[in-house]
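> Okay, handing you the structure first.
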Amino acid sequence: MIDRRRFAAGVLAAAFGAPAARAGGDPFALAGTFEQGGIARGQLPSGATALRFNDTAIPFAADRRFLIAFDRDAPPTATVEAVLGDGRIVRDPLVIAPRAWNISRLDRLAKYPVPSAEFEARRPAELARIAAARARQTAADGWRQPFAWPATGRISTLFGSQRIYAGEPGAYHSGIDIALPTGTPVRAPADGVVILAAEAPFTLEGNLLMLDHGMGLSSAFLHLSRIDVREGDAVRQGQAIGAVGATGRATGPHLHWGLMWRGARIDPLLVAGAMPAR
């Protein structure tokens, strides 16, 4: 039996294809990291006709498998419930462990510089494209796979890191940064469909590539020096999709990899596990 609150990231990756029941019995066969920024997979009870997560309907596959995730700022509790064919409801309350984030306090710096006129003119259209890409639904099945790292190197910024400027919080770091030379290949961490391949650099993200892995799970790769795929392409895990760069707002070449599920931002370390040695 698995104590899901202590499920190690590396073990989780190996178990994605076959979720295991937790101690005491679990009607949803959930397995995952039940903490802020974590992810879990499960299977609905036989005869289930609908699935809700925190009172919101979410999809599930024909084999009754499904995916849920917990935002960086997720509250301490969540609920999964299934509606059975006879109208009964099966509920599973979840406890979501908090995490200690890397917080830097910069008491003598203002929160942000005044944005340029060019940034203010371009940014709304960029954000609209990102939102439209995330709203796309594809038949990708990569959400079932153990995820692999898109590139390996020194992690320079952790997911969830945040700066406090003169007492005012800045936006937290929504992905993980890997410091690598420009031109280092970036590979698909799981099967997916290209939902955005920026033909011109975005103001912040630079050359931006996004993959849908299915079930609302998507990856974003920022600051690329080039993009090797087009929107609508189906890609396989391990396929080269672009190269590391320093486009957009970047102080040096690195890969920013972000993961999101239905608006919840997820820690790649909890999905791909410990980074393998190069």
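> For residues that are within 16 Å of the chain's Cα centre (by Cα) and charged (D, E, K, R), tally how many sit in segment 188-204.
1
> Among the residues that make up segment 219-238, is at least one of them at pLDDT 95 or above and closer than 15 Å to LEU67 by Cβ?
Yes, segment 219-238 has at least one match.
> Any residue that is part of a strand (DSSP E or B) and either closer than 26 Å to LEU204 by Cα or in contact with a Pro (Cβ under 8 Å, 6 or more places away or on another chain) (or both) - is there at least one of those in segment 85-93?
Among the residues of segment 85-93, at least one is part of a strand (DSSP E or B) and either closer than 26 Å to LEU204 by Cα or in contact with a Pro (Cβ under 8 Å, 6 or more places away or on another chain) (or both), which makes the answer yes.
> Is it the case, given these coordinates, that TRP101 is of a type in the set (Phe, Trp, Tyr), closer than 24 Å to ALA220 by Cα and either modelled with pLDDT of 95 or more or part of a strand (DSSP E or B) (or both)?
Spelling it out, it is not the case that TRP101 is of a type in the set (Phe, Trp, Tyr), closer than 24 Å to ALA220 by Cα and either modelled with pLDDT of 95 or more or part of a strand (DSSP E or B) (or both).
> Out of curiosity, is THR251 without any contact (Cβ under 8 Å) to a residue 24 or more places away in the chain and out of contact with any strand residue (DSSP E or B) (no Cβ under 7 Å at 6 or more places or on another chain)?
Taking the combined requirement at face value, the residue satisfies it.
> In segment 220-228, is there at least one residue being in contact (Cβ under 8 Å) with a residue 40 or more places away in the chain and within 15 Å of SER156 (Cα to Cα)?
Yes - at least one qualifying residue is present in segment 220-228.
> Keeping to segment 46-60, report how many residues are at pLDDT below 95 and within 19 Å of ALA139 (Cβ to Cβ).
Adding up the residues that qualify gives 0.
> I need the full set of residues from segment 234-270 which are part of a helix (DSSP H, G or I) and more than 20 Å from GLU205 (Cβ to Cβ), in order please.
LEU269, LEU270 - these are the residues of segment 234-270 that are part of a helix (DSSP H, G or I) and more than 20 Å from GLU205 (Cβ to Cβ).
> Another question, if that's okay. Considering only segment 76-95, how many residues are exposed (fewer than 15 other Cβ atoms within 10 Å of the Cβ) and of a type in the set (Gly, Ala, Ser)?
Qualifying residue count for the region: 2.
> Just the residues that are among the small types (Gly, Ala, Ser) and either in contact with an Asp or Glu (Cβ under 6 Å, 6 or more places away or on another chain) or surrounded by 16 or more Cβ atoms within 10 Å (Cβ to Cβ) (or both), please, taken from segment 192-233.
GLY192, ALA197, ALA198, GLY206, GLY214, GLY216, SER218, SER219, ALA220, SER225
> Among (1) surrounded by 14 or more Cβ atoms within 10 Å (Cβ to Cβ); (2) at pLDDT 95 or above, there is one condition ASP63 misses while meeting the rest; what is its number?
(1)
> Follow-up question, since we're still on this one. Within segment 47-56, is even one residue loosely packed, with under 11 Cβ neighbours inside 10 Å, closer than 30 Å to ILE103 by Cβ and in contact with a strand residue (DSSP E or B) (Cβ under 9 Å, 6 or more places away or on another chain)?
So far as segment 47-56 goes, no, none of its residues is loosely packed, with under 11 Cβ neighbours inside 10 Å, closer than 30 Å to ILE103 by Cβ and in contact with a strand residue (DSSP E or B) (Cβ under 9 Å, 6 or more places away or on another chain).
> Right, something else. Could you please tell me which pairs satisfy a Cβ distance under 6 Å, a separation of 6+ or placement on different chains, a first residue in segment 176-188 that is under 22 Å from TRP143 (Cα atoms), and a second residue that is aromatic (Phe, Trp, Tyr) and part of a strand (DSSP E or B)?
So the pair list comes out as ILE176/TRP257; VAL186/PHE221.
The values are calculated or read from the model by the stated rules, or taken from the named source; none is laboratory data. The structure displayed is predicted, hence computed values, not measured ones. Glycine gets a Cβ as well: all are built from the backbone with ideal geometry, and neighbour counts include every protein chain shown.
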